[in-house]
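What follows is a single structure, written as structure tokens, with notes after it.
The values are calculated or read from the model by the stated rules, or taken from the named source; none is laboratory data. All figures in this text were calculated on a predicted structure; none of them were measured in a lab. For neighbour counting, all protein chains shown are included, and Cβ atoms are generated from backbone atoms with ideal geometry for every residue, glycine included.
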């Protein structure tokens, strides 16, 4: 006769609440530090004298390097566990942020901002965090869990941007960067909570799939053979273009409109605040047990909303109220693309290679981010404004809304279902 009592939880497995707090908190600290760096673009330009395009190049390289490190970090985390990868990443973020004031050349800025800080943030970024969360929570909670983790990054932006601006006003921009670096180290204890062993069996993944024994090359070949995965990468490229351009150049847009710098800081903060609402709403919409909404439909709706928001902003008068309203609307859609994108990767391929495969999608995001950050600076140098970038945003957003429609959401886990 079977025992009707539920099985005891696995010893040593962190409770769900601790997992969510650790993952969301880590994302809040790393994302808050990264997304606040746009406040220092004009200051770094004045401090170094290298030109706005060169400073933008350092930030753009950071967007690209953040994406390049994620599939590699995801592969390592899939093999040896997330904890050690997160520790190295957090230390690199703190080091790169603290070294930035000492850099006076384009190469130095690329090294501090683009290699150290951005690479560390990639190692402690959403690919590793989402994969660790996916492994440590039950399958029916993954949609909401990914929304909460993603909201953590937005909360960090909401808190860090006005704090960094306040410290800059009170003690100078260098002190603000040192403070951001110190805050990042507060996430180190989370690495212990999120520690996992490579391909371990957990209640969230009761049996290790045969695909776990495949080589990375074979896994990637199968993934890119799936048309829906390719469409997902294309759509996330557009998301990266939008996010990087706004995070890097929105304070510059505010300055070009003759508005106080505090408006730029609060605009970034409002983006973070409303992205919390957007992430939680989309996480709820994904829902439990099959979902309330189709994830591809949510993604199409988000990109269409971005296109409309930017179109209205282009023709609206540029006042502090307009900036804050635009920040609120764009914030609701800002990173709310992450939960359904991560959810589709998990649905297509299962959790075994989640960190690496979502990391590849993030790489596509950051290639777009490189172009968004760099072309924003070049556009200003060429035309004295950002108008062409806003029109590019609109066209790309419409394209991304259409690109998600052919995705076949009914696919079974393609890699987990096939033997090694």
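Tabulated values for the structure
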| item | result |
| --- | --- |
| Selected residue (only one of 160, 183 is crowded, with 18+ Cβ neighbours inside 10 Å and either under 30 Å from residue 389 (Cα atoms) or at pLDDT below 85 (or both)) | 160 |
| From the options 349, 326, residue that is in contact with a helix residue (DSSP H, G or I) (Cβ under 9 Å, 6 or more places away or on another chain), surrounded by fewer than 24 Cβ atoms within 10 Å (Cβ to Cβ) and on the phi < 0 side of the Ramachandran plot | 326 |
| Residue match in the stretch 187-197 (condition: surrounded by 14 or more Cβ atoms within 10 Å (Cβ to Cβ), at pLDDT below 65 and closer than 22 Å to residue 119 by Cα) | yes |
| Residue identified as touching a residue at least 60 places away in the same chain (Cβ under 8 Å), more than 23 Å from residue 224 (Cβ to Cβ) and part of a helix (DSSP H, G or I) among 372, 359 | 372 |
| Helices (runs of 4 or more DSSP H) (entirely within the stretch 266-351) containing at least 3 residues that are without any contact (Cβ under 8 Å) to a residue 24 or more places away in the chain and out of contact with any strand residue (DSSP E or B) (no Cβ under 9 Å at 6 or more places or on another chain) | 295-315, 320-334 |
| Test: residue in the stretch 200-210 that is buried (at least 16 other Cβ atoms within 10 Å of the Cβ), out of contact with any helix residue (DSSP H, G or I) (no Cβ under 7 Å at 6 or more places or on another chain), under 23 Å from residue 129 (Cβ atoms) and modelled with pLDDT under 85 | yes |
| Pairs where the first residue, in the stretch 159-184, is more than 21 Å from residue 260 (Cα to Cα) and the second is outside any helix (DSSP H, G or I), C-beta under 9 Å, 6+ apart | 180/36; 184/124 |
| Boolean, residue 393 is over 17 Å from the mean Cα position of the chain (by Cα), at pLDDT 90 or above and more than 25 Å from residue 85 (Cβ to Cβ) | yes |
| Enumerated helices (runs of 4 or more DSSP H) restricted to the stretch 72-151, each holding at least 2 residues that are surrounded by 24 or more Cβ atoms within 10 Å (Cβ to Cβ) | 82-99, 118-123, 126-136 |
| Any hit, the stretch 59-66, residues being modelled with pLDDT under 85, surrounded by fewer than 22 Cβ atoms within 10 Å (Cβ to Cβ), in a helix (DSSP H, G or I) and touching a helix residue (DSSP H, G or I) at 6+ places or on another chain (Cβ under 7 Å) | no |
